[in-house]
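I have placed the structure first, in the form of structure tokens, so that the comments after it can refer back to it.
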Amino acid sequence: IPFKEFFDVTVGVYSDETQTSLLTDIDVIVDATMPAHQHGMNFVPTHEVTAEGFTVASGLEWFMTGSWEMAFYLTTPAGETETALFEMECCQ
């Protein structure tokens, strides 16, 4: 992930670990925060769904070095939301 440059994240949600069946009815929102500093990014990313069913989050930017937490919010058609969190270091 580039430092102080905008980047995109492409997300696909599958029915199981074989990744053979892409779930196209799941809403995906991507965000990032720095928990140690208690703040997020300076910009709110935009989200677009491709024709294939992938979600592309654009306009993410890590403007500080250190530990970032990427959050993926997955919402079903019934309105149930699950969150997947990943810690990442910026930027070496």
Legend entry - Enumerated strands (runs of 3 or more DSSP E) restricted to region 37-79, each holding at least 3 residues that are surrounded by 16 or more Cβ atoms within 10 Å (Cβ to Cβ): 55-61, 66-75
Inset, instruction - Identify, from the list Glu5, Glu17, the residue that is charged (D, E, K, R), touching a residue at least 24 places away in the same chain (Cβ under 8 Å) and surrounded by fewer than 12 Cβ atoms within 10 Å (Cβ to Cβ). - result: Glu5
Legend entry - Given (1) more than 13 Å from Gly12 (Cα to Cα); (2) open to solvent by 60 Å² or more (accessible area, probe 1.4 Å); (3) modelled with pLDDT of 95 or more, index of the condition Met34 fails: (2)
Legend entry - Matching residues, region 5-36, being charged (D, E, K, R) and in a loop (DSSP other than H, G, I, E, B): Glu5, Asp16, Glu17, Asp25
Legend entry - Among (1) without any contact (Cβ under 8 Å) to a residue 40 or more places away in the chain; (2) over 13 Å from Phe7 (Cα atoms), the one test that His47 misses: (2)
Inset, instruction - Could you grab me the full set of residues in region 68-92 that are among the polar types (S, T, N, Q) and at pLDDT 95 or above? - result: Thr75, Thr76, Thr81, Thr83
Inset, instruction - Looking only at region 65-81, decide whether some residue is in contact with a strand residue (DSSP E or B) (Cβ under 9 Å, 6 or more places away or on another chain), of a type in the set (S, T, N, Q) and touching a residue at least 60 places away in the same chain (Cβ under 8 Å). - result: yes
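The values are calculated or read from the model by the stated rules, or taken from the named source; none is laboratory data. Computed from a prediction, not measured in an experiment: that's the story for all the values here. No Cβ is skipped: glycine too gets one built from the backbone with ideal geometry, and neighbour counts run over all protein chains shown. Heads up: the accessible areas ignore ligands, DNA and RNA and are worked out on the full protein's heavy atoms, side chains in. Shrake-Rupley method; radii C 1.70, N 1.55, O 1.52, S 1.80 Å.
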